[in-house]
Amino acid sequence: MSNFIAPEIKKFVIWDYIVFAGLFLVCASIGVFFAIKERKKKTSKEFLVGGKQMSCGPIAFSLTSSFMSAVTVLGTPSEVYRYGASFVLFFLSYTFVIIFTSELFLPVFYRSDITSTYEYLELRFNKTVRLAATIIYILQTILYTGIVVYAPSLALNQELEDRSFSLTIQKTYPHLVNHLVFFGSTVTGFDLWGSVVATGVVCTFYCTMGGLKAVVWADAFQMVIMVLGFVAVLIRGTILNGGTTNIWEDAYEGSRLNIFE
């Protein structure tokens with residue numbers, strides 16, 4: 001650990017704040033756009049299922065974005081870094097889920113001309129089953145959404161490490177390096193709960209204003225931004241670490257390519 005060099009963590013500058021605010025503004029604008037564009041189509045079917053007239057492109061982006069929450073973006077790299085590549089086994093289960101859902105469930109829901117799976121439960125069983133499933137899903141969504149909104153807000157509020165303190169701890173207690181929470185000024189200067197509220201307000205705004213079409217197109221926009229971010233991080237990380245060969249060698253020597261261990 002004596003050769004450890006603490007990385008420089010840069011803070012947000014004016015352009016970072018402009019881009020960040022721009023993302024919020026675009027998402028909110030999508031809701032306003034569809035609220036104005038679809039103002040003459042005030043039916044529940046138009047609002048909840050987009051009139052069943054949307055193409056597969058934005059729907060695919062939206063579904064993919066729905067599975068790429070902050071929990072996935074922040075948690076998966078940490079999971080692989082600490083425990084290896086066994087995370088790829090999730091792709092097997094996802095493959096079966098996608099096939100069964102698209103070939104067995106969705107055709108039934110589509111032909112039934114319903115707006116939610118809970119409506120199908122009432123048609124298939126009774127209203128009690130529908131109500132029970134709805135309550136369970138609401139509770140699950142409240143808990144899940146809380147984590148999904150809190151995670152990026154915590155990342156925005158993450159405090160910069162005190163360099164001298166961190167070096168001392170890393171030399172004295174090297175086994176605790178991955179569990180440290182350092183103190184100092186925040187990366188963005190955003191208040192934690194202010195970020196939570198802002199994220200919740202913007203998302204609620206464009207969802208309620210524009211309905212499903214706004215949600216789908218906002219998700220598609222966010223997915224494009226995430227992919228561009230992933231590519232930028234991948235390219236930058238590859239350059240800083242001396243190329244893909246060095247990265248694979250380090251991962252192999254660190255047992256991070258092991259799937260079944």
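Remarks
- Accessible surface comparison of CYS207, CYS27, probe 1.4 Å, protein chains only, largest first: the order is CYS207, CYS27.
- Inter-site label distance for SER255 and VAL227 at 7 Å from Cα along Cβ, in nm: 3.7
- Using the Cβ-Cβ distance between LYS52 and GLU79 with R0 set to 25 Å, the FRET efficiency from 1/(1 + (r/R0)^6) comes to roughly 0.10.
- Rolled with a 1.4 Å probe across the full set of protein chains, the surface gives SER86 an accessible area near 40 Å².
- Largest accessible area first, the listed residues LYS37, LYS213 line up as LYS37, LYS213 when surface is computed with a 1.4 Å probe on the assembled protein chains.
- TYR83 accessible area, 1.4 Å probe, all protein chains in place, Å² to nearest 10: 130
- Area accessible to solvent at ASP16, 1.4 Å probe radius, in Å²: 60
The values are calculated or read from the model by the stated rules, or taken from the named source; none is laboratory data. Nothing here was measured: the structure is a model prediction, and the numbers come from that model. Counting neighbours? That spans all protein chains shown, and the Cβs are built from the backbone with ideal geometry, glycine included. Areas reflect the complete protein model, heavy atoms only, side chains present, ligands, DNA and RNA absent. Shrake-Rupley method; radii C 1.70, N 1.55, O 1.52, S 1.80 Å.
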